[in-house]
Every structure is written in structure tokens, then in C-alpha cells.
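Participant: Below you will find the structure I want to go over with you.
The values are calculated or read from the model by the stated rules, or taken from the named source; none is laboratory data. Since we're looking at a predicted model, the values are computed, not measured. When we count neighbours, we look across all protein chains shown, and the Cβ atoms used for this are built from the backbone with ideal geometry, even at glycine.
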């Protein structure tokens, strides 16, 4: 069954009209290479403007998806679980890919106070949404009475449907249409000279384009680097110097993913996880000391603004580890500047490196001035903290 993880909760989170299709997924203790899948997906689909990447792990998630008949992982009562609930979601956008559709943005029926029969009949995005719902019900699914009547649509299934939708006469305004339809609904259609692409059967409306442009730019994710830390027999490197050399090679390769002007500076901070493996942490510290001796920045593991040990700060974040590191890196780079380096050493057979860079100072100032702190919560707290303030005394 296709799965989109925590993105499936969008309907209950106020995004009921947003359409999602399932892309590649990796279910493993270390699914870090899904980042390679994302970059390859962008390369193979040059008109895709963004991908939603999410990760989720914890005892509750593992209990939900455990094998039938296996013992439960969650028990009743008050206790500290072996793993905290860990989740991170990223909207990875290629903003320049939206530029070709800007001249074709049109006025759709975006006011949902419009009578439903009018919206269903004349709204272009609404008809695409209804088609998506029907597609969810029509695609094959396991014959299991416990499952819902519909399932998430895969990318391949959606592209096949979208190609057909892009040719509908009532959407394009082609073929035989009535005088009233031509006079009153023409402005609610994409321009006639619009040429559909696989992921854009129709261009975005002006409102959709505006909403996309309003999303804050929080940072830039660079291509990941994965380095084997095994010998010729496939066993973890036993010698510390060999392990440090492998990590140094990984760091140097990761640095080459940065703009040339940033490479010499190195990371402003490191966010790392080793699953509490002392040998891995010692090798990482040794590599960072070598890097500093060669002219790189000095990363003091005793300073929280320079080195964040996920194992000690968050606990066992499992499969979500690298993505939790990336999220912290995004926030650290945005607030304090400089590139952040996320390193996952939980697997003694392979190390993961990925750099996160902040937007320009000008971009950050513009965004902060327009919307305030981009990381602030926009939800009202269920409990007012003022209720727990120390009473004033005279």
C-alpha cells in the first residue's frame, strides 16, 4: 500500500483541498538514502516544483506497524519509552521551476463560499480535486475489509490521469461550447496557448501561485554524501585512523556540494548522532580535530552552538535521525548563519553527510520583517502559560 506518512494528516490540519500523491518510500533503520531518491526524482522530472519529504519514528509508530502476532511495543501506565516520538517534514522546492507557468496563471473560482454546484461545474482546480478523489477510489487496493474504501494515489497513477485531464474540452475551452460558457467561464480557464506538462496538466491559478510565493525560504539542502566505513570484507573499519580517514574523505566530498566561496569556511556547526557508540563519536571528534588542524573551523564539542549530539539531546530518534538533524541544522543556520553539517554515524558500515545553508541575510531580513519569526508557532496554546505564572505579591 502506498504511504505518505504524516503528510496524510493534512485534511485534519486545515489542508483538505491539497492533493498528494505517493512517491518513493524507504522503511529501514537508516533510510538516509531517500535523499538521493529525492534529488534523482527532481532530475528525472524537470517540471516538478516541490516534493514533500517526511520522516516519522517512535515506539507508537513501530507498535502500529509491527508484524501480526508480535508482542506489543507500547504498554499501559506511566513510563519513559525506549524511543521518543520523532518526526520532521520538509517542503523541498525548486522555485525556479514555477517561473515558466507565471505568464499562464489565471483566475479560478477560489471563493469557497461559491455555491457548490457552481464550484463543481466551473471551478478548474475543483474539478481536478474531484477527479483525484475518484481516482483514489478506483485504483487497485488489497481486498481487506479493515482498510478504507480508497488509498493514496501513486505518482505513476496520477500522471496517467493528469494527462487525460489536460485534454478535456470543458477544461481547455476547446471543441463545441455554448455562447454562455464561452462568455462567462472563459476567464476561469487556463489560457488556450498553455502547453500541458506531465506534472502541470493545467497551470496554477493566481491564488495558487501567490500561496507558493508566500512560503518562507528557510534554507537550502545540498546533495547528500554517503561514505562506506567498511574494509574489503564488508566489516566495520577496526582501526581508528582508518575510520577517521574515511570520515575525512566524506567531509571533503560534502564540502564540494557547497558554493565555492563557502567551502574554505567549512561548517559553522555540526549536528551528529552515533547511537551512543563511543568508537564512532571518538572517530568523529578525531576527524574534526584533523580538519581544524588543516585550516578548517574549530568545532568544540563542548559548545552547544557548535556541536549538537542528538543522542544526548533527543535520545534514540531511530529512522528519523538524519532528518531531525537536518531540521535542527535549518533552524541553526537561519538564526545564526553559516552552513550546518548533519552527520549520521548510527550505522558503523556507512556514514551520511549533508550540508544545510541559510538564505541570504537580505532574504532573512525581508521575511522576518514581513512575517516575524518564521519558526514561531501560529497555533494558540491549549493552556495559557499565564495561568501558571507566579502570583504577584505586594
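Participant: Which residues, taken from segment 122-154, are within 20 Å of residue 170 (Cα to Cα) and exposed (fewer than 14 other Cβ atoms within 10 Å of the Cβ)?
Facilitator: 130, 133, 134
Participant: Has segment 259-269 got at least one residue that is part of a strand (DSSP E or B) and on the phi < 0 side of the Ramachandran plot?
Facilitator: yes
Participant: Here's a follow-up. For segment 80-101, give me each residue that is in contact (Cβ under 8 Å) with a residue 60 or more places away in the chain and farther than 23 Å from residue 158 by Cβ.
Facilitator: Across segment 80-101, the qualifying residues are 82, 83, 84, 86, 87, 88.
Participant: In segment 235-249, which residues are farther than 25 Å from residue 296 by Cβ, in a loop (DSSP other than H, G, I, E, B) and modelled with pLDDT of 95 or more?
Facilitator: Correct list: 235 only.
Participant: OK, next. Conditions: (1) assigned to a loop (DSSP other than H, G, I, E, B); (2) in contact with a helix residue (DSSP H, G or I) (Cβ under 7 Å, 6 or more places away or on another chain). Residue 316 meets all but one. Number of the miss?
Facilitator: Tallying (1) assigned to a loop (DSSP other than H, G, I, E, B); (2) in contact with a helix residue (DSSP H, G or I) (Cβ under 7 Å, 6 or more places away or on another chain), residue 316 fails exactly one: (2).
Participant: I'd like the full set of residues that are touching a residue at least 60 places away in the same chain (Cβ under 8 Å) and in a helix (DSSP H, G or I), limited to segment 22-61.
Facilitator: 35, 36, 39
Participant: In the set 43, 37, which member is over 30 Å from residue 127 (Cβ atoms), at pLDDT 85 or above and within 14 Å of the chain's Cα centre (by Cα)?
Facilitator: Going through 43, 37 in turn, the sole match is 37.
Participant: Read through the list (1) over 19 Å from residue 18 (Cβ atoms); (2) over 27 Å from the mean Cα position of the chain (by Cα), then give the number of the only condition that residue 119 fails.
Facilitator: The single condition residue 119 does not satisfy is (1).
Participant: So which residues in segment 193-232 are part of a loop (DSSP other than H, G, I, E, B) and under 19 Å from the mean Cα position of the chain (by Cα)?
Facilitator: Result: 199, 215, 216, 217, 218, 219, 222, 223, 224.
Participant: Do we have residue 198 as closer than 20 Å to residue 96 by Cβ, in the same structural domain as residue 160 (by TED's automatic domain parsing), touching a residue at least 12 places away in the same chain (Cβ under 8 Å) and surrounded by fewer than 17 Cβ atoms within 10 Å (Cβ to Cβ) here?
Facilitator: Yes: the conditions hold for residue 198.
Participant: Can you name the condition, by its number, that residue 120 falls short on among (1) modelled with pLDDT of 90 or more; (2) within 17 Å of residue 190 (Cα to Cα); (3) assigned to a helix (DSSP H, G or I)?
Facilitator: With respect to (1) modelled with pLDDT of 90 or more; (2) within 17 Å of residue 190 (Cα to Cα); (3) assigned to a helix (DSSP H, G or I), residue 120 is out only on (1).
Participant: Return a yes/no flag: does segment 362-374 have any residue that is closer than 19 Å to residue 225 by Cβ, in contact (Cβ under 8 Å) with a residue 60 or more places away in the chain, out of contact with any strand residue (DSSP E or B) (no Cβ under 8 Å at 6 or more places or on another chain) and assigned by TED's automatic domain parsing to the domain that holds residue 269.
Facilitator: The answer is no, given that none of the residues of segment 362-374 is closer than 19 Å to residue 225 by Cβ, in contact (Cβ under 8 Å) with a residue 60 or more places away in the chain, out of contact with any strand residue (DSSP E or B) (no Cβ under 8 Å at 6 or more places or on another chain) and assigned by TED's automatic domain parsing to the domain that holds residue 269.
Participant: Taking residue 297 as meeting all but one of (1) within 18 Å of residue 281 (Cβ to Cβ); (2) in a loop (DSSP other than H, G, I, E, B); (3) free of Cβ contacts under 8 Å to residues at least 60 places away in the same chain, write down the number of the exception.
Facilitator: With (1) within 18 Å of residue 281 (Cβ to Cβ); (2) in a loop (DSSP other than H, G, I, E, B); (3) free of Cβ contacts under 8 Å to residues at least 60 places away in the same chain applied to residue 297, the lone miss is (1).
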